[in-house]
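To start, the structure under review is shown below, and the notes come after it.
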Amino acid sequence: MTTTLAHHDGYADDHIRKVLKGVKTIAMVGASTNWNRPSYFAMKYLQQKGYRVIPVNPSAAGEEILGEKVMASLAEIPVPVDMVDVFRNSAAAGPIADQAIAIGAKVLWMQLGVRNDEAAARAEKAGLTVIMNRCPKIEYGRLCGELGWHGFNSGVISSKRRKE
Amino acid sequence: MTDANFTYGFETRSIHAGASPDPTTGARSTPIFQTTAYVFDDVDHAASLFNLQTFGYIYSRLTNPTVSVLEERVASLEGGRGATACASGHAAQVLAFFPLMESGDEFVASKKLYGGSVTQFTRTFKKFGWTGHLVDPAEPENFRKALTPKCKAIFLEILANPGGIIVDVEPVAKIAREAGIPLIVDNTLATPYLCRPFDWGADIIVHSTTKFLSGHGNAMGGVVIDSGKFDYAKSDKFPALSKPEPAYHGLTFTETFGDLAYTIHGHAMGLRDLGPTMAPVNAFLTITGIETLALRMERHVQNAQKVAEFLESHPAVSWVSYAGLKKNPYYSLAKKYLPKGPGSVFTFGVKGGYEAGVKVVESVELLSHLANLGDTRSLIIHPASTTHRQLTTEQQMTAGAGPDVVRLSIGLESADDIIRDLDVALAKSVKKAA
């Protein structure tokens, strides 16, 4: 992981909340057809929360994951994509970032353990919002209170009644 | 929280962490969810829950909404990633080791522990095939010397029971780090208000919440907190976390859950299969207790300091082992690790030995003669005639429970009243001895 962009060392809760609220269609690059892989867990969870998740994986192109046809590349997706979720390693995130810019995505999101500051800088220059080294499932669960159900420290303090 | 670097203060988190208003009813205090199970939306939702693919409740042996508020509360106060609450401090110790140890594995522990922990580590754990090597913590290098290739953790009480003893945690944490194994610290006597073991390099913290966290002597409980910083997948030492788990169709905890792995394992494997669940009502009482933790600990240490100073100058007292006293050998370690005060549990020696010790505990009126600590009430016990009765005099001496030893857990009554009560009892012990 390259780390040169200090504003990606931590994110304010409001920022993450705004990003998750602002997207509807997510392209998940590196989605697995194996039901017991982390990407499958995340896709299933995000679908339950009302997102459309389009799987992208050239080695599984044409197959189906959780009711969605797997695409060979981001460019093949026939509908507008709001967010590209990178379930690949940090090096692979570089070319994926360029494709995300090319298809006009609004958000580039890199999974837990994935960070590529050069790619992030290019995406930000092209007007995308970038989140790195986070999982949208865990962040969604954390901010809506569900992560705390399992004993995790969400960092959220509020005396307002939670609404999803 | 609007700024990425902003965190609420300790007192605020003691009251609010984990406890937003109930989303359904708006109830402001945390409801007691006295239920065993939770309905599924449909079969697919049930499957997602059982496969750990989504967050949610299945059965209260694993998770419960009242208990999870306590877990998040304590995780927040210790600065950890997540926590697993359970039935008692002893259960917490089993759960803390469970993800780390296979049968045949070993660990190194300080020998300055609560006597019940020594028995658990050296006798009961043997039945699981776990071997604990106990060492004198006064010299941190003793931990390194006792390490074997099969050792999977180092365990210590930072502020040790029966009291007065402080372990120099920082060098021990370094030894654990160099050995590639986590350091587990029991922070029961200090609480996160007085000491934050993660700041000194601990990887896992355990508590008996029965003591100062609940604080009112009315609720049993324990908790295990993971810092989230130890990489369990870095070596092959921790296969339960870093290798595929057959009970979950070959899921690998570290790969799927990242830094949540240890705590997810604590619920999904530890509580599921060992079963020492905390009762929701005990979680409620403990949550309520923690709301005043900072205020209570501040007064506990103030009172303890006053009582220790009184005893130090008392003619019927031969010695006082409280690290808040300048002459105490642990005074400088106390200043480093427990700057707000070294707790309120300590021992003193009464002149006249066994008989005088018995007379003191039988003569107090305000202090309660019982085997617990960390209560609003001041507590007293004579270990040689109670908790350490089965041991030989020599073993009692090693355990810090010789015939003349009296242990105190100073509560929140008026300090002058605690002092007066002890003064009267000590006078009677002198009469007895004479």
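The values are calculated or read from the model by the stated rules, or taken from the named source; none is laboratory data. Every value quoted in this text rests on a predicted model; they were computed, and no experiment measured them. Here the Cβ is made from the backbone with ideal geometry for all residues, glycine too, and neighbour counts use every protein chain on show.
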Subject >> helices (runs of 4 or more DSSP H) contained entirely in the range A:86-164, each with at least 1 residues that are within 30 Å of B:ALA19 (Cβ to Cβ) and away from chain B (no Cβ under 14 Å) >> reply: none
**OP:** Six or more apart or on different chains, Cβ under 7 Å: which pairs go from a residue in the range B:247-267 that's closer than 13 Å to A:PHE41 by Cα to one that's of a type in the set (Ser, Thr, Tyr) and assigned to a helix (DSSP H, G or I)? Could you list them?
**Re:** B:THR252/B:SER242
Original post:
Which condition number in (1) in contact with a helix residue (DSSP H, G or I) (Cβ under 9 Å, 6 or more places away or on another chain); (2) under 24 Å from A:ASP98 (Cβ atoms); (3) without any contact (Cβ under 8 Å) to a residue 60 or more places away in the chain is the one that A:PRO58 fails?
Top reply: (1)
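Out of everything in the range B:284-316 that is hydroxyl-bearing (Ser, Thr, Tyr) and part of a helix (DSSP H, G or I), what residue ends up being farthest from B:SER29 (Cα to Cα)?
Kept after step one, since they are hydroxyl-bearing (Ser, Thr, Tyr), are these residues of the range B:284-316: B:286, B:288, B:292, B:313.
In the following step, the residues that additionally are part of a helix (DSSP H, G or I) were identified as B:286, B:288.
Numbers: B:THR286: 13, B:THR288: 9 Å.
If we take residues in the range B:284-316 being hydroxyl-bearing (Ser, Thr, Tyr) and part of a helix (DSSP H, G or I), then B:THR286 is farthest from B:SER29 (Cα to Cα).
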**OP:** Hey, can you tell me all the residues within the range B:1-31 that are in a loop (DSSP other than H, G, I, E, B), more than 7 Å from every other protein chain (Cβ to nearest Cβ), hydrophobic (A, V, I, L, M, F, W, C) and within 30 Å of B:CYS195 (Cβ to Cβ)?
**Re:** B:PHE6, B:ALA19
Original post:
Given the conditions (1) in contact (Cβ under 8 Å) with a residue 60 or more places away in the chain; (2) closer than 13 Å to B:ALA268 by Cα; (3) more than 12 Å from chain A (Cβ to nearest Cβ); (4) in contact with a strand residue (DSSP E or B) (Cβ under 8 Å, 6 or more places away or on another chain), and given that B:ALA87 satisfies all but one, which numbered condition is not satisfied?
Top reply: (2)
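On the given criteria, is B:LEU325 farther than 30 Å from B:VAL69 by Cα and of a type in the set (A, V, I, L, M)?
Details: farther than 30 Å from B:VAL69 by Cα: yes; of a type in the set (A, V, I, L, M): yes.
Answer is yes for this residue.
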Original post:
Out of A:ILE16, A:ILE77, A:ILE54, which single residue is over 28 Å from B:PRO244 (Cβ atoms) and within 14 Å of chain B (Cβ to nearest Cβ)?
Top reply: A:ILE16
**OP:** Please indicate, with yes or no, whether at least one residue in the range B:93-105 is without any contact (Cβ under 8 Å) to a residue 60 or more places away in the chain, closer than 18 Å to A:GLY151 by Cβ and either among the β-branched types (Val, Ile, Thr) or facing another protein chain (nearest Cβ under 7 Å) (or both).
**Re:** no
Original post:
Can you tell me which residues in the range B:247-263 are crowded, with 20+ Cβ neighbours inside 10 Å and among the aliphatic types (A, V, I, L, M)?
Top reply: B:LEU251, B:LEU260, B:ALA261
Subject >> From the options B:PHE55, B:PHE50, B:PHE6, residue that is more than 26 Å from A:ILE157 (Cα to Cα) and either at pLDDT below 95 or in the same structural domain as B:LEU285 (by TED's automatic domain parsing) (or both) >> reply: B:PHE50
**OP:** Give me a count of the residues in the range B:32-57 that are farther than 23 Å from B:ALA17 by Cα, touching a Phe, Trp or Tyr at 6+ places or on another chain (Cβ under 8 Å) and either more than 10 Å from chain A (Cβ to nearest Cβ) or surrounded by fewer than 16 Cβ atoms within 10 Å (Cβ to Cβ) (or both).
**Re:** 5
Original post:
Looking at B:LEU62, B:LEU77, which one is within 11 Å of chain A (Cβ to nearest Cβ), surrounded by fewer than 23 Cβ atoms within 10 Å (Cβ to Cβ) and among the aliphatic types (A, V, I, L, M)?
Top reply: B:LEU62
